[in-house]
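Just so you know, all these numbers are worked out from the coordinates, no wet-lab data involved. Every value quoted in this text rests on a predicted model; they were computed, and no experiment measured them. Because the Cβ atoms are built from the backbone with ideal geometry, glycine has one as well, and the counts that use them run over all protein chains shown.
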Amino acid sequence: DFYDNQLQAKITNFCIQLNDNGLLGKVTEIRLKSLQDQLWTSCPLIEKLPYNRVPHTRKNNYILNMLLLCYDNNILLKNLDVNIFPSIKGGKIPLEDVVDNAYYSKHRKRLREKNILFLDQIISGDKSRLLLWKEILIKAYIPIFSQRKETKWYSDIRNLITSDGVHLNHNITQLFGARVDNVEETRSYDIIKKNRSLIAVYNSQFNSVVIGKIQGIDETQRPIIKHFHIDMSRCTDTHTYIYQCMEYGCAANASLSTRSPSLSVIPKNSKVRINTDSLNVITQFEKLKKSRFSQTSREYFKANNNFLWAILCRIILTLNLHVEMFKVVAHGDDMGNNYVDNLAKIAHTDQDRYIVFRRDTCMMKVLPCWNGIIIENKLRSFLKNICNYKGLEKFINLNRNSKYRTLEVDWTSTFSCLNCDINNNETS
């Protein structure tokens, strides 16, 4: 209907707008950051929105309404570029994570006046109790002209997170005990820069994870890890004996390989010939070739398998490859094509064989997801199918159709017969 058609168009155009590399994308980025500051949230609004409905003062805000429309239709936005849409740092636990949306909607303005964004700002250093009101007033981030009388936001949060008005609830203290500071900021080891970041590798000899720092590379191109071992023979019930490994050729060092990633398997500036029996693949490839393997956000969301095509474009541009695709006869005598088809069929039925791509492999800034899965088909067509399924479900669940829901009908076989070739599948 008209509403579904508008919903599909609005969400698709909003995703195109977020990924635009021109003036439209820059303006959207600035407006999102400004709105994030006004709504006083630490996470980018494309990742989390601390409201169930649009605030009355911003009922006509286009971006906010579009974000709520995406969330209401189970379309989540995956942030791939934290430099463009960054999170505000300064504390471990954002205040919006420990209170409900009703509290945050009510007291957001007062919290913004006091520059309070994280729970760490209003609790003690040992994370055991809520700071007294007079202790909060002397903090450096609290404006000097702040009200001296205890305010409503403080009394409400005291009732929410404390057990006796002072000490924090157990579930609140557990948030700090189970959180690791540097989990979100971990990165792969850069052998060229020779950094000293911590790494973790599995050591089959000790059947455990070895944590240490890379110190160098030996003559066999294996990294030397400064790490520690546990001597179980010297451990007791109350003490654990840990010592630093001083062996240059320890087995733990062999557990980490320095092989190049899969993207660099093909040498740079190579010529690659690909034989395929899929004309659709060749047609799409030729379109990308004419545009020199650069996609606009609108072209990206209009293509099927867009995520894989974006990865292919990035590989070709990064390695400066000269790729040509040639059409071969399907089910013919091309040995290479038949061999690849056989491998694909085996891998398709084998659930233990799969390839996991990093989401930031794609050069888009934001990708739409449905139930946590990246939408790789044409976005408009995908949204149309979702609307059709919802409409069909709503129609079937009408009271007048209750007699059809109780029938013992094999709908899979029914639709298979309805969609088959009647002329070649008729029976006597």
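Beyond 18 Å in Cα-Cα separation lie the following of the pairs Lys114/Lys152; Lys290/Lys384; Lys302/Lys365: Lys290/Lys384. Using a cut-off of under 13 Å, list every residue of the range 79-119 whose amide N is near the label point 7 Å from the Cα of Glu47 along the Cα-to-beta-carbon line. Counting only backbone N, you get 79-94, 97. If R0 is 60 Å, the Cβ-Cβ spacing of Thr414 and Lys134 corresponds to a FRET efficiency of close to 0.25.
Here the label points at His167 and Leu68, each 7 Å from Cα along the C-beta direction, are separated by 4.1 nm in the simple model.
Computed from the C-beta positions of Lys109 and Lys89, the FRET efficiency with R₀ = 30 Å rounds to 0.85.
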